[in-house]
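Everything on this sheet refers to the single structure shown next.
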């Protein structure tokens, strides 16, 4: 039954998961092997990780030397941030021990130093990016030269990156299923 005071109640908050950095996926946290994700799994994982990384950098005031805008273009940063995210999900799980967040913060301090090292090695910066330089070993082809690219809009770059990644994964999935279908036809 509505009362006169109901009009003073705030509207329910929609999309709280994205807005407050909570997980987008409705399942228990588990390690993510980025090499094995399907296209649909990758899309969800990218969006969840991006939301969490954005929350993390704002909450802790992290500079681009720790989390650069183009972290998604560097596998070394993806793997590190993904592991840190998983650790955070576990530490703040309601079923977790009350001291787990303290352990996460201790590990977060170590991870920040590793992130600084990865960022320095990768060469990514606040307003530009380049592929991480690769060292060629004796007998290998020389690594191609790398050049900085100025990227004007980080969000547009991330969306295009995810679209490209998901499309590439879909092509690989389709090729795999076509190969399977070809083997079934031979039987």
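What full-extension length gain, to one decimal in nm, is calculated for residue 149 and residue 168 as 0.36 nm per residue of separation minus the Cα-Cα distance?
Working: separation 19, 0.36 × 19 = 6.84 nm, distance 2.22 nm.
Taking residue 149 through residue 168 to full extension adds about 4.6 nm, to one decimal.
Which ordering of 86, 126 is given by a fewest-first count of other beta-carbon atoms within 10 Å?
Result, fewest neighbours first: 126, 86.
Defining a contact as two alpha carbons under 8 Å apart and six or more residues distant in sequence, what relative contact order in percent does the stretch 87-145 show?
Details: 29 pairs, mean separation 9.3, N = 59.
Relative contact order for the stretch 87-145 comes out at 16 percent.
Throughout, read-outs are computed from the coordinates displayed, never taken from laboratory work. Model, not experiment: these values are computed from the prediction. In this analysis, Cβ positions are derived from the backbone assuming ideal geometry, glycine residues included, and neighbour counts consider all displayed protein chains.
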